[in-house]
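Bear in mind these aren't lab numbers, they're just calculated from the coordinates by the rules spelled out. As the structure is a computational prediction, the values presented were derived from the model and not from experiment. Here the Cβ is made from the backbone with ideal geometry for all residues, glycine too, and neighbour counts use every protein chain on show.
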Amino acid sequence: MDIATTAQHIRDGNRRALARAITLVESTKPADRTTASDLLAALGTDRQALRIGLSGTPGVGKSTFIESFGKMLTGIGKRVAVLAVDPSSTRSGGSILGDKTRMDLLSRDPNAFIRPSPSQSQLGGVARRTREAIALCEAAGFDVVLIETVGVGQSETAVAEMSDLFLLLLAPAGGDELQGVKRGIMETCDMILVNKADGDLKPQAIRTCADYAGALRLMRKRPHDPEGFPKAVAVSALQEDGIAAAWDEMCSLTDWRRDTGIWDTRRTTQARFWFHEEVRAGLLNRLTSDAAIKDQLAQLEEDVATGKSRPSAAADALISQLFAAGGLTSGD
Ligand code: GDP
């Protein structure tokens, strides 16, 4: 691959080049990792998109929402990229056929780019390749990058950590179900969208929305929110109702964050966070890929399991040896 040419094609908005570059960042082969890294460096970071994370359980209407939200955005002249984070095996409706019919109209829109999730790998890999795919989409000049997650395990938190706005899509529910929404997620989200506010479900959706709004008001005010946020709004993805109003809310929140400098601060904090995550993941990867260290790790684990060593002492012993072997000093 010629890095400079590929970078130029991506920046010119060539979709095939973008798709190929995403495949490259998804690869775990060391040679591909190096090329991916060079490509990302060549692309630079001068272009920024609005990164919107979207989470919700299977069946809540994420694809339907992305389709109508995406169409509304391209309708007002925005270019939209959609990335899915979770391995497709975790989707309930995740049959290949199901995925093919998802976002049918949007996928044919020349101003939209949809990338389904690859179907393997662990979170560490998922988080990195998603961040790199976001960077590629930004370099390709998209205005909005939507990152969809089904919120299984840690992927929801990871997506929140790479988004400028984090949306939670929920279904109309009875009062008791309110407790079921994880508090941590309520605390990370910027907006709750109660979907399916149409037909017979509409009154229930409006009640649910009011319940969530009440719950959000009870939460401690966060420094990165203007008055009235996080907010709960009712939408119908199917009938495309409330979608433009939800976008207006997103814009007013984004404008406020840009004006106050909070937008930049959040991106800086996120970059720091991911740097530390990469260091942690890289170290762990080294640990488990070196045969001698792996043996030693197994031995120490056994010592801990049988009570011969305490967990902290065994970990200290291993770490001291690693630093000695690598010629690093422990700093004291
Ligand atoms: P996902 O699994 O979260 O991506 O959910 P889908 O978008 O596939 O939607 C699941 C089901 O809910 C489908 O049968 C949709 O037609 C339906 N659905 C999605 N949005 C709405 C909505 O706004 N109103 C109603 N009534 N049904 C909806």
message: What whole-number volume per residue, in cubic angstrom, does the convex hull of the C-alpha atoms of the chain give?
response: 186
- line: Of the candidates ILE243, PHE229, THR268, the farthest towards the positive dipole end of segment 216-289 (Lys/Arg Cβ +1, Asp/Glu Cβ -1, centred on the Cα centre) is THR268
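Pairs LYS62/LYS221; LYS29/LYS196; LYS29/LYS308; LYS29/LYS294; LYS29/LYS78: which are spaced more than 31 Å apart, C-alpha to C-alpha? Walk me through the numbers on the way to the answer.
Numbers: LYS62/LYS221 28 Å; LYS29/LYS196 43 Å; LYS29/LYS308 39 Å; LYS29/LYS294 21 Å; LYS29/LYS78 35 Å.
Violating the 31 Å limit, Cα to Cα: LYS29/LYS196; LYS29/LYS308; LYS29/LYS78.
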statement: Checking ASP295, ASP38, ASP164 against a Gaussian network model of the chain (alpha-carbon springs below 10 Å), the top fluctuating residue turns out to be ASP295
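Using a cut-off of 12 Å between beta-carbons, work out the net charge of the residues near ALA17 (Lys and Arg +1, Asp and Glu -1, ALA17 not included). Intermediate values should be presented prior to the final figure.
Values: positive: ARG11, ARG15, ARG16, ARG20; negative: ASP2, ASP12.
With Lys, Arg at +1 and Asp, Glu at -1, the neighbours total +2.
Please figure out what share of the DSSP beta bridges in the chain is antiparallel and state it in percent, rounded to the nearest 5.
Working: 1 of 28 bridges.
Restricted to the chain, the bridges split so that about 5 percent are antiparallel.
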statement: Sorted by chain and number, the residues with a modelled amide H under 5 Å from that of ALA234, at a separation of 5 or more or across chains, are VAL194
query: Comparing THR288, THR188, THR45, which has the greatest mean-square fluctuation in the GNM of the chain with Cα pairs linked when under 10 Å apart?
result: THR288
message: Suppose each label sits 7 Å from its Cα in the direction of the beta carbon; what would the ARG286-THR34 distance come out to in nanometres?
response: 1.9
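Express the Stokes-Einstein translational diffusion coefficient of segment 1-58 in µm² s⁻¹, to the nearest whole number, given a Kirkwood radius over alpha-carbon pairs, 4 °C and a viscosity of 1.567 mPa s.
Working: Rh = 12.7 Å.
D, rounded to a whole number, is 102 µm²/s.
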- prompt: Hey, in the GNM for the chain with a 10 angstrom Cα cutoff, which one of SER236, SER117, SER312 fluctuates hardest?
  reply: SER312
statement: One quarter of the C-alpha convex hull surface, i.e. the mean projected area of segment 230-284 in nm², amounts to 5.8
